[in-house]
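This report concerns only the one structure given below.
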Amino acid sequence: MIKHLGRLCRFAIFATAILVSFETGAESKTFRWSNDGDATTMDPHARSDGFVTSFDMNMYEPLLIRDRNLKLAPVLATEWANTNPTTWRFKLRHGVKFHDGTPMTADDVIFSMQRAMATGADVAAMLTTVKQVVKIDDYTVDFLTNGPSPILPNYLVGVAIMSKAWCEAHDTTLAASHEDKENYATRNENGTGPFILKDRQPAVRTVLVKNPNWWGLPEQPIDIDEVVFTRIANAATRAAALLSGELDMVYNVPLQDIDRIRNTPGMKIWQTPELRTIFLGMDQSRPELLESNVKGRNPFKDKRVRQAFYQAIDEDAITSKVMRGFARPTALMVGPGVNGFDPALDKRFPYDPAAAKKLLAEAGFPAGFEVGFDCPNDRYVNDQAICQAIVFMLARVGIKADLLAQTKAKYFGKINAPNYDTSFYLLGWTPTPLDALNMLSELCATRSGDAREGIYNNEGYSNPALDVLIKQIEVELDGEKRNDEISQALRIVKDDFAYIPLHQQIVVWATRANVDLAVLGNDDFQWRYVKMK
């Protein structure tokens, strides 16, 4: 009965949207866009993946959001304050309704935070400092933290608010985070956001319509009436679809097509420096690698081997040839625009194959060794081509990297929790709160049993001194002292060769000339900013 009522409510909303368009005499505007990979789930708590989160947050909303200038802005919360060192109080927006027409209250916020911290949720690391969320009244909640949590509001940008009643009615009170599992929220939604899911064909096509009852109207007008997303894996086909008029936008433009699109009348290229860092990880936890011809020991436990891999890779060549200049080489796991970035530390160790060979010999591998290498082929700009170049470079120093390039659905299912089934891999990371602590706590902190620390530390790196420093950074309220501690932590990660940072990408999108939008350095694509002339 509840499911039938939900369908009737959804039909009524679609009918209202059509009626409003008819009565105003406005011509319906459909925005058609494409990417090489799909948004793999409609559940906003199931995947901590930038593209998935950005897609889903057009249907759902968090308490706070990043505006087009990447500044914190109110959404479902209108006010927030640190009332004491361990309490953040949020005043909620009145009059907000979920897509099924039910009102949003403090009960939904509390439920959403509990769900986001529970089994299956991939966003639990956003809430590591949260001890409890308490209802003060229907439109006020307190976040009680384990200690001072100076940047908690920054983290809440990545946690969507879901309907408690809807999740309970559809047996989806827990997220299904892995692609081999699904629940009702995987293919359906009930958010508060400006767009409503109309049709979902996973890995093929997803259609959404404007929410005529969105709380932000009419002060924040939405120009487009319908959004049609089509996954087109082939780069040449995506570009051709844009140039032929079948698409209005291509997200992550194939680098080889940028000049052609830029020089075509009626087309527009959008670009901005990206906050994501592309890097390599190495299994440092197992006594023996899962995928290697080395038995009885793990080469990556030896810092000399990690440094040898670093110095065998010519990042300048990757930037100029593979990335065609649309990347910024980095020595750090965070880049400009992220709080805590220290330019004084941002100097890469030199590319030096001879030094790499010497280090491998000193570590007991004069002839090198063989290792598996995991890479996505539809997640980052030229990801597979980057990995292929790295395979070639490592071969020069005697390392045989056996490349396994897969779609991101299979790739993430292999390398991420709970199994961390990888020996050597390429990954990208954008700190959601735009603060280096996020990278440190999720990629570098020793993995904890409750998966709230080091959840994406897929390589199992562990440094007790760094763990202590991360805990200090989490609670430090003095901004200057906190940034000094971040610099200390970044130096440890760099000097330990914990990871091999490669570069920060340049965000490049392409549209038809009649499209206006906001391109953000965190890759967040907010459709409410799209306008079509």
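For the residues H45, H94, a 1.4 Å probe over the protein chains yields an accessible-area ranking, largest first, of H94, H45.
With q set to 0.20, 0.25, 0.26 Å⁻¹, the log10 of I(q)/I(0) for region 219-259, from the Debye formula over equal scatterers at the Cα positions, is -0.65, -0.87, -0.92. Approximating the spin labels as points 7 Å out from Cα along Cα→Cβ, the N293-to-Q271 distance works out to 4.1 nm. Taken one residue at a time, the phi angles of region 306-312 give Karplus couplings (6.51, -1.76, 1.60, θ = phi - 60°) of 5, 5, 4, 4, 4, 7, 7 Hz. Gly and Pro are set to x.
Working ranking of peptides 469-478, 267-276, 287-296, 435-444 by packing, defined as the average number of other Cβ atoms within 10 Å per residue, highest first, is 435-444, 267-276, 469-478, 287-296. Residues whose amide H comes within less than 5 Å of that of E370, counting only those at least five positions distant or on another chain, are N293, V294, K400 (H built at 1.01 Å from N in the peptide plane). Taking every protein chain into account, the accessible area of the chain amounts to 38 square angstrom per residue (probe 1.4 Å).
When every alpha-carbon pair in the chain is counted, what percent end up more than 39 Å apart?
26 percent
Short to long, the 10 Å bins of the Cα pair-distance histogram for region 160-239 hold 16, 35, 34, 14, 1 percent of all pairs.
Cα centroid separation, region 414-450 to region 130-190: 21 Å. Each peptide among 322-334, 221-233 gets the average number of other Cβ atoms lying within 10 Å of its residues, and from highest to lowest they stand as 322-334, 221-233. Volume per residue of the convex hull around the Cα atoms, evaluated for region 248-336, comes out as 147 Å³. The order of the peptides 101-108, 30-37 by mean Cβ neighbours within 10 Å, most packed first, is 30-37, 101-108. Ranked from largest, the principal axis spans of the Cα set of region 221-289 equal 57, 32, 24 Å. Remark: relative contact order (region 72-153) = 31 percent; criterion is Cα-Cα distance under 8 angstrom and separation of 6 or more residues. Under Stokes-Einstein, with the Kirkwood radius over Cα pairs as Rh, the value for region 69-221 at 25 °C and 0.890 mPa s is 148 µm²/s. Classify region 389-523: rounded, prolate or oblate, from the alpha-carbon gyration tensor (a ≥ b ≥ c, eigenvalue square roots; a/c under 1.5 rounded; otherwise prolate if a/b is larger than b/c)? Oblate, since a/c reaches 1.5 and b/c is not below a/b. Pull out a ≥ b ≥ c, the square roots of the eigenvalues of the alpha-carbon gyration tensor of region 341-392, then state rounded if a/c is under 1.5, prolate if not and a/b is larger than b/c, and oblate in the remaining case. Note, shape of region 341-392 comes out oblate.
The values are calculated or read from the model by the stated rules, or taken from the named source; none is laboratory data. In this text the structure is predicted, and so the values were computed from the model without any measurement. All Cβ positions, even for glycine, are placed from backbone atoms using ideal geometry, and neighbour counts span all protein chains on display. Calculation scope for accessible area: heavy atoms of the full protein, side chains included, ligands and nucleic acids excluded. Shrake-Rupley method; radii C 1.70, N 1.55, O 1.52, S 1.80 Å.
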